[in-house]
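What follows is a single structure, written as structure tokens, with notes after it.
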Amino acid sequence: MDLKIVGGTVVTDRETYPAEIGVAGGRIVQIAQKIDAEAGQTLDAAGCYVMPGGIDMHTHLDMPFGGTVSVDDFETGTRAAAFGGTTSVIDFAIQGKGQSLTDTVNTWKKKAEGKAVFDYGFHVAVTDLTEAVLAELPAMVAAGVPSFKCFLAYKGALMIDDGAFFRILGKAKECGALVMLHAENGEILDVLIKNALAKGQTEPKYHALTRPPEAEGEATSRGIAIAHMAGAPLYIVHLTCREALAEVKRARDLGWPVYAETCPQYLLKSFDNYLEPGFEGAKYVMSPPLRDKSNWADLWTGLVMDDLQVVSTDHCPFNFKGQKEMGLKSFAQIPNGAPGIEHRLMLLYQFGVRQGRISMNRFMDLVSAAPARLFGLSPRKGAVAVGSDADLVLWDPEAAWEISAQTHHQNVDYTPYEGVSGKGKPRVVLSAGRVIVQEDRFTGQPGTGRFLERRPFGR
Ligand code: URP
Ligand code: ZN
Ligand code: ZN
């Protein structure tokens with residue numbers, strides 16, 4: 001046995017119990033009250049939960065976007081994520097105009113190889129649908145990329161029309177893929193943005209004011225109706241508001257295979273952040289935008305009631321200096337996105353579990369087990385089970401933290417959570433049985449992460 005973990009309490013989405021865990025060859029080989037076998041290394045988990053590593057299935061590492069490139073690559077991004085207890089990511093490979101999907105995924109594989117410090121997979125974002133691209137979808141699924149993102153927003157860039165979306169859904173159903181939707185009405189937003197700029201309304205707050213919640217609610221409703229017509233399952237990404245949540249809930253109550261995620265920023269930050277002095281509001285320019293605070297309670301209820309199944313980050317970091325500043329004269333030039341890959345578990349533990357909104361088991365489901373189930377990684381990931389990868393976190397529920405750009409590990413010059421504090425963070429993080437973070441020190445190696453070939457949806 002290579003390693004054993006003693007003295008901790010195992011927590012998964014379903015169970016909480018004291019046990020020792022034995023690891024060999026990167027996998028869990030034994031779970032027992034007492035493991036007698038000798039091990040090369042013993043980790044003391046006294047006072048800690050021993051839980052499956054987080055899976056962040058919505059990240060944008062090294063992504064060209066809005067005339068620049070997100071500043072965390074697969075090395076800095078996965079390393080920062082590991083400090084926060086995340087041990088796998090599924091990143092978006094974005095199809096360029098005229099590019100094949102095979103080429104798209106190969107481009108993203110090259111970005112990750114030699115860099116990622118833990119395992120990674122890809123979704124592919126289909127932005128330019130042709131007959132040839134449609135015919136490629138089954139090959140993507142066969143190659144371990146069984147999820148496709150479609151955008152109903154970002155007109156003139158990533159947006160596709162309803163017909164293309166419907167065709168992708170039809171093919172996805174045939175070949176066992178899950179279609180993911182960025183749900184905002186891009187046609188309406190385009191008019192609102194042009195109108196605002198024509199009136200000289202250029203500050204960051206107009207980013208939010210030109211992307212109203214009704215545009216998200218409408219696109220969510222339309223997306224669900226189109227998926228239903230295609231007979232295909234649908235996953236709504238980065239859901240922010242009650243208008244969209246009501247549509248997801250309605251569909252789920254009808255028994256339709258509709259799923260959705262939200263992100264910590266939509267639970268903890270609000271429209272008020274766009275009103276911070278000077279150009280500070282640019283730090284929060286993301287799409288969909290931050291909403292009125294009154295949405296927070298609805299989103300937490302959605303997480304409790306399982307109308308929302310996942311909390312991901314949508315980590316898409318751009319420096320304030322030089323990158324966000326591209327929009328000093330116009331909010332429409334601010335690259336969309338914000339950092340968060342490092343702090344997802346800490347924030348959800350502090351504001352969800354510690355504040356009594358969700359149970360520890362629900363926490364594990366939202367950050368690890370549900371992403372594994374929905375995105376073809378279960379039971380290899382998201383579980384503490386014999387045969388699962390030994391991607392494990394020794395979580396110290398009493399360890400105090402305060403977030404600051406001065407001390408975080410993300411390669412970006414600000415954090416939306418500056419000064420936020422709480423308790424509960426990793427003491428040790430393992431990826432495939434290797435200790436990659438211990439007591440706030442990185443001990444992993446760039447390039448040790450493996451490409452995850454995921455199974456088709458529901459199979
Ligand atoms: O503002 C955001 N969310 N940037 C990343 C791209 C996307 O839409 O997920
Ligand atoms: Zn999106
Ligand atoms: Zn995103």
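The values are calculated or read from the model by the stated rules, or taken from the named source; none is laboratory data. The structure presented is a predicted model; accordingly, all values stated were derived computationally and were not measured. Cβ: placed from backbone, ideal geometry, glycine included. Neighbour counts: every protein chain shown. Side chains included, ligands, DNA and RNA excluded: accessible areas come from the protein's heavy atoms. Shrake-Rupley method; radii C 1.70, N 1.55, O 1.52, S 1.80 Å.
Across segment 194-266, how large is the tail of the calculated P(r) beyond 18 Å, expressed as a percent of all Cα pairs?
Percentage above 18 Å: 45.
How much accessible area does Glu247 have with a 1.4 Å probe, in Å² rounded to the nearest 10?
Accessible area, nearest 10 Å²: 40 Å².
Report the label-to-label distance for Leu134 and Asp292 in nanometres (one decimal), using points 7 Å from each Cα along the Cα→Cβ vector.
So the two model labels end up 4.2 nm from each other.
Specify the angular offset, from 0 to 90 degrees and rounded to the nearest 10, of the alpha carbon long axis of helix 242-253 from the longest principal axis of the alpha carbons in the chain.
60 degrees
Heavy-atom accessible area of Tyr349 with all protein chains present, probe 1.4 Å, nearest 10 Å²?
10 Å²
So how far apart, in nm, are the two label points at Ser359 and Ser421 if each is 7 Å from Cα heading toward Cβ?
Taking the two extended label points, one gets 3.2 nm.
What percent do you get for the relative contact order of segment 320-459 when only Cα pairs under 8 Å and 6+ apart count?
22 percent
Based on the Cβ-Cβ distance from Ala405 to Thr301, what FRET efficiency comes out when R0 is 30 Å, to the nearest 0.05?
Efficiency, from the Cβ-Cβ distance: 0.40.
Kindly rank 70-81, 102-113 from highest to lowest mean number of other beta carbons found within 10 Å of each residue.
Ranking the peptides 70-81, 102-113 by packing returns 70-81, 102-113.
Working from Cα positions, state the angle (0 to 90°, nearest 10) between the long axis of helix 101-112 and the longest principal axis of the chain.
50 degrees
Using a 1.4 Å probe on the protein heavy atoms, what percent of the accessible area of the chain belongs to carbon and sulfur?
Result for the chain: 51 percent of the exposed heavy-atom area is carbon or sulfur.
What does the extension gain come out to for Thr443 and Val191, with contour length at 0.36 nm per residue minus their alpha carbon separation?
Computed gain between Thr443 and Val191 is 85.7 nm.
Per residue, how big is the convex hull around the C-alpha atoms of the chain? Give it to me in cubic angstrom, could you?
For the chain, the hull spanned by Cα atoms encloses 124 Å³ per residue.
Against the longest alpha carbon principal axis of the chain, how many degrees, from 0 to 90 and to the nearest 10, is the axis of helix 162-175 turned?
30 degrees
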